[in-house]
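Report on one structure; see the data block that follows.
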Amino acid sequence: MQAPDFSADWYRSITEWAHGMPSWTHPVAEVGTDAGLLLFAALFVAGWWRARTADSRAMGLALLAPVGMVTAYLTSEISKSFLQEERPCRAVAHAMNIAACPAYGDWSFPSNHSTIAAASAAAIVVAWRTMAPLVLPLAALMAFSRVYVGVHYPHDVAAGYLLGVIVAPVVALLLVRLVAPLVTTLRRMPVGVLLLGPAPAAVAATGPGAGPMTHGPAHGPAHGQTHGQAHGRGPSGQGPRGWNDHDNPAAVTMPDVMGGIPAPQRPAPPQPGQHPQPVHPPQSGHAPQAGGRHRRPPA
């Protein structure tokens, strides 16, 4: 594979600019590339420790972060063996590389360092989103440092960065569906609790101000009853049983129709601003008539 001309021109410009920088920046850039990978490894451990108090999916994503990074690295390494682009420190005439040029056969495209850094950052962000402002710029700086020290073209590191931020999250999000149930199972074992942390406590109720849920016949409606019936409401659910019986034809009993024993009167629902009127039971032997008058029994 032949490097594009524009990338070779950018490579010359960046390496010439790097040689004009203070000399102490050269070893910092060379050592910083590898030191950044160690920092990502430490963040993998921190993400695992943080997920010990989270749910199974969060722990699964933390465990899969290194897996996504390794998958992206293998993809990059396999691509290099097929594309076989020569390093710019050998292909570009009068290259001004700071770091030692890798041996022949260690191909340039895509950049493994850039892939690993970007994949680590992206996998960490999937599991720990608040780290995005730190790890993504750090990965970009590590990728640029490979051009700064003269061992990669700009398009090498750009391709490696894109490869890392795509492959690692996809791998983590696909595999977490399999890993999360496994985490749940392992957390039921003593060894799993030691490594993965205990399962988070189940929330008894959801929503603001919600109290604990209770179960059983002593704390809830009986089987087959509706909520309104269990709390003394009529079939229509409009109020306590009896207040709306005039809306229910079944509330009229046979003695009421035949003029026999009168049904007990229940108070009408109170209206706003009024007090409920007392109801006096009818006297023995008298049937109530309209208008409050009573019919005298025949002699």
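For the full complex of protein chains and a 1.4 angstrom probe, list 30, 16, 85 by accessible area with the highest value first.
Working: 30 85, 16 105, 85 0 Å².
From most exposed to least exposed: 16, 30, 85.
Just the projected area, averaged over all directions, of the convex hull on the alpha carbon atoms of the range 1-158: how many nm²? Walk me through the numbers on the way to the answer.
Numbers: hull surface 38.2 nm².
Spelled out: convex hull of the Cα atoms, projected over all directions, averaged, 9.6 nm².
Counting Lys and Arg as +1 and Asp and Glu as -1, what is the net charge of the other residues whose Cβ lies under 14 Å from the Cβ of residue 79?
Details: positive: 80; negative: 77, 85, 106, 156.
Overall, the nearby charge balance is -3.
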Exercise. What FRET efficiency do you get for residue 38 and residue 103 if R0 is 35 Å and r is their Cβ-Cβ distance, rounded to the nearest 0.05?
Worked result: 0.90
Exercise. Carbon and sulfur: what percent of the range 1-97's accessible surface (1.4 Å probe)?
Worked result: 66
For this session: Please calculate the 1.4 Å probe accessible area of residue 6, with all protein chains present, and give it to the nearest 10 Å².
Result: 110
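Pull out the extension gain between residue 9 and residue 132, defined as 0.36 nm times the separation in residues minus the alpha carbon to alpha carbon distance; nm, one decimal.
Values: separation 123, 0.36 × 123 = 44.28 nm, distance 3.17 nm.
Here the segment from residue 9 to residue 132 would lengthen by 41.1 nm.
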Exercise. What is the distance, in nm, between label points placed 7 Å from the Cα along the Cα-to-Cβ direction at residue 182 and at residue 26?
Worked result: 4.8
Exercise. Per the Kirkwood definition applied to all pairs of different Cα atoms, how many angstroms is the hydrodynamic radius of the range 1-47?
Worked result: 13.2
Exercise. Mind listing P(r) for the range 107-173? All alpha-carbon pairs, 5 Å bins, whole percents.
Worked result: 4, 22, 30, 21, 13, 7, 2, 0
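At 1.4 Å probe size, put 109, 82 in order of accessible surface, largest to smallest. Could the numbers behind the result be given before it?
Numbers: 109 40, 82 165 Å².
Descending accessible area places them as 82, 109.
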For this session: For an R0 of 30 angstrom, estimate the FRET efficiency from the Cβ-Cβ distance between residue 93 and residue 70 and round to the nearest 0.05.
Result: 0.25
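The values are calculated or read from the model by the stated rules, or taken from the named source; none is laboratory data. Since the model is a prediction, treat every value here as computed from it, not as a measurement. Here Cβ is always computed from backbone atoms with ideal geometry, including for glycine, and neighbour counts include all displayed protein chains. When the accessible area is computed, the model is the full protein with side chains, heavy atoms only, and any ligands, DNA or RNA have been set aside. Shrake-Rupley method; radii C 1.70, N 1.55, O 1.52, S 1.80 Å.
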